[in-house]
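Q: Following this message is one structure expressed as C-alpha cells.
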Amino acid sequence: MKSLPSILANPFFRKLFCAQILATFGTGLSSIALAQLAYHLSDRHAGKILGIALVLKMVAYIFGAPLMSYLSAKIPSKLFMIIMDLIRMLLLVSMFFVQATWQIYLLIILINLCSAGFTPTFQALIPTLFQKKADYTKALSLSRMAYNLESLLSPLLAALLLFFVSFKLLFALNALTFLISSLLIYSTPLKSSNKTVQSRGFGCLYDYLTIKPLLQGLLFIFIAALAGAMVIINTVVYIQGTYHLSESITALTMAVFGIASLITTISIPALSQYASSNKLMKCGALFCIGGFAIGILTPNLTGIFIIWFILGIGASLIETLIGLTITENITQEKQNNYFTAYFSLSHACWLSAYFITGWIGNQIAMQSLLLLLFLISVLLYLLATQIKSPTLAKP
C-alpha cells in the first residue's frame with residue numbers, strides 16, 4: 001500500500017488540504033486570542049464571557065448548518081467556499097475594534113455561521129476528487145491529522161507569538177489564513193457541480209437519522225464526544241485539583257490524548273485493509289468505554305496517561321471514519337445534505353457532552369462522573385448495535 005503522504009500527489013486535494021491546514025491553525029490561534037480578549041474586556045468575568053462565546057459557537061453550528069445549506073445549494077461549491085472564507089476574514093479583522101462583550105458574541109455567531117456553511121461543503125467535495133475508497137480513506141486520515149496537530153501545536157505557537165506581539169495580531173493571522181485559503185480554493189480547477197438535489201434544510205437531520213449506518217455512526221460520535229469533552233474540561237481538574245500537580249503536567253496529559261489520536265489516524269488506512277469502517281468505529285467505541293471503566297478505579301498519574309491514551313485511540317477511530325460511512329451509504333449528489341446534517345448533529349452531541357462533563361461533572365465526584373460516562377457510553381453502544389434497518393426507501 002502506498003504511504004499516506006502519497007495522496008498529496010493529487011494536485012486538487014493538495015491545494016484544498018493546504019487551505020484546510022491554514023484555516024485550522026489560524027482558527028486555533030484565534031481561539032486563544034479570544035480568551036485573551038475576554039480577559040482584556042473583563043478580567044473578573046472572562047470565564048463567563050468565554051463560556052457564553054463557546055456555547056454560541058455550538059448553537060451557530062447546530063442550527064446554522066441546515067440554514068446555510070439553503071444558500072450553498074444555490075451557489076457553486078467553489079464560489080460558496082471562497083465567499084465564506086472572505087467573510088470570515090473581514091469579521092476577524094473587525095475583532096480589532098471590539099469594545100464590548102455583545103460585539104464578541106455577535107462576531108462569534110457570524111463567524112461560525114460561515115464555518116457551518118463552509119465545512120460541510122468542503123467535506124462533501126473531498127470524496128469527489130478520488131475514485132478509490134483507499135485513496136479517500138487516506139485523505140480522511142490526513143484531514144484528521146491536521147486537526148490533531150493543530151490541537152497539539154496551536155497553544156505552543158500562540159504562546160511563542162504572545163511573547164513578541166499583542167494577542168490581537170493572532171486575529172490578523174487568522175484573517176490572513178482565510179485569505180490564503182480562499183486563493184488556494186480559487187486556484188484549484190474544481191468542476192462546477194450541478195446541484196440537482198435541493199437543500200433539505202432541517203429536513204436533512206431527519207433523513208440522516210433514518211439510515212442505520214449513519215445513526216450508528218452518530219451514536220458512536222456521541223461516545224467520542226464524551227471522551228473528548230472529558231479530556232478538554234476535566235484534565236486540569238484531575239491533574240491540578242485531585243493530584244495537585246503542575247500546569248506542565250496538565251499540558252503533558254492532554255498531549256498524551258493528542259498523540260494517541262495522531263498515531264491512530266496515521267494507522268487507519270492500513271487498518272481499513274482488514275476491517276470495515278463500521279467495525280473500526282465499534283472498536284473505537286469499545287476503547288472509549290474501556291478507558292472510562294479503568295478511570296473509575298482512581299489510577300495514579302501513570303494510569304491517567306494510559307486512560308487518556310486509550311480515549312485518544314477510541315475517539316480518533318470514530319471521528320476519522322465517519323466521513324467514509326457517509327460516502328459509502330449516500331449517493332454523491334446527495335452527500336452535501338448529509339454532511340450538513342452530520343455537522344449539525346455531531347455538534348449537538350458535543351454540546352451535550354460538554355454539559356455532562358462540565359456542569360454535571362462539577363456537581364459530583366470525579367469517579368462518579370467517570371461511572372456516569374461509562375454507563376452512558378455502554379447504553380449508546382448497545383443502542384447502536386441493536387438498531388434495525390428502517391423500512392424506508394434508500395436515499
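Q: In percent, how large is the relative contact order of the chain, given Cα pairs closer than 8 Å and 6 or more residues apart?
A: Over the chain, the number comes to 26 percent.
Q: Using a Gaussian network for the chain with springs between C-alpha atoms less than 10 Å apart, which of these wobbles most: F163, F96, F178?
A: Taking springs between Cα atoms under 10 Å, the residue moving most is F163.
Q: With labels modelled as points extended 7 Å from the Cα through the Cβ direction, what inter-label distance (nm, one decimal) is found for E247 paired with F355?
A: For the pair E247/F355, the computed spacing is 3.2 nm.
Q: Sticking with this structure for a sec: Quick one: if you stick a label point 7 Å off each Cα along the C-beta vector at C283 and Q240, how many nm between them?
A: So the two model labels end up 3.7 nm from each other.
Q: How much length, in nm to one decimal, is gained on full extension between T128 and A100, taken as 0.36 nm per residue of separation minus their Cα-Cα distance?
A: Roughly 5.7 nm would be gained on extension.
Q: Can I ask one more? Take the stretch 202-387, compute every pairwise Cα distance, and split them into 10 Å bins from 0; I just need the percent in each bin.
A: In whole percents, the pair-distance histogram is 10, 37, 34, 15, 4, 0.
Q: Which whole-number value in Å³ per residue fits the convex hull of the alpha carbons of the stretch 9-187?
A: Hull volume normalised by residue count: 118 Å³.
Q: When the dipole is taken about the Cα centre of the chain, and only Lys, Arg (+1) and Asp, Glu (-1) are charged at their Cβ, what size is it in debye, to the nearest 20?
A: Dipole about the Cα centre, nearest 20: 920 debye.
Q: Still on this structure, please answer the following. Please compute the alpha carbon radius of gyration of the stretch 248-299, then divide it by the globular-protein estimate 2.2 N^0.38 Å. Two decimals is fine.
A: This ratio for the stretch 248-299 stands at 1.37.
Q: So what's the back-of-envelope 222 nm ellipticity for the chain, counting only DSSP H runs of four-plus at -39500 (n - 2.57) apiece and dividing by all residues, rounded to 500?
A: -26000 deg cm²/dmol
Q: For the peptides 108-120, 146-158, what is the packing order when you average, over each peptide's residues, the other Cβ atoms within 10 Å and list the highest mean first?
A: So the peptides 108-120, 146-158, ranked by packing, come out 108-120, 146-158.
Q: Let me ask you something else. On full extension of the chain, what length is gained from I387 through L160, given 0.36 nm per residue of separation minus the C-alpha to C-alpha distance?
A: 76.8 nm
Q: Now for a separate question. What Kirkwood hydrodynamic radius, in Å, does the stretch 152-307 give when the mean of 1/r is taken over all pairs of distinct Cα atoms and then inverted?
A: 19.8
Q: So what is the relative contact order of the stretch 72-140, in percent, for Cα pairs below 8 Å that sit 6 or more residues apart?
A: Across the stretch 72-140, relative contact order equals 37 percent.
Q: What per residue convex hull volume, in Å³, comes out for the stretch 144-194 when only alpha-carbon positions are used?
A: So the per-residue Cα hull volume is 105 Å³.
Q: When the chain is fully extended, how far beyond the present Cα-Cα distance does E328 get from Y39, taking 0.36 nm per residue of separation?
A: Taking 0.36 nm per residue and subtracting the Cα distance, the gain is 99.5 nm.
Q: What number, in percent, do you get for the relative contact order of the stretch 9-187 if the mean sequence gap of Cα pairs under 8 Å and at least 6 apart is divided by its residue count?
A: RCO, the stretch 9-187: 48 percent.
Q: Obtain the radius of gyration and the Kirkwood radius of the stretch 229-271 from its C-alpha atoms and give Rg over Rh.
A: Using only Cα positions, Rg/Rh for the stretch 229-271 is 1.15.
Q: Could I ask something else about it? Treating only the Cα positions of the chain as identical point scatterers, give the base-10 log of I(q)/I(0) from the Debye formula at each q in 0.11, 0.12, 0.15 Å⁻¹.
A: -0.81, -0.98, -1.59
Q: Please identify, among F305, F25, F97, the residue showing maximal mean-square fluctuation in a Gaussian network model of the chain using a 10 angstrom Cα cutoff.
A: Its mean-square fluctuation being the largest, the pick is F97.
Q: Continuing with the same structure: Hey, with R₀ at 22 Å, roughly what FRET efficiency would S368 and L297 work out to, going by the Cβ-Cβ distance, to 0.05?
A: 0.95
Q: With the chain treated as a Gaussian network of Cα nodes joined by springs under 10 Å, which of A285, A229, A275 yields the largest mean-square fluctuation?
A: A275
Read-outs: derived from the displayed coordinates by stated rules, not from any lab. From a predicted model like this one, the values you see are computed outputs, not experimental measurements. Here the Cβ is made from the backbone with ideal geometry for all residues, glycine too, and neighbour counts use every protein chain on show.
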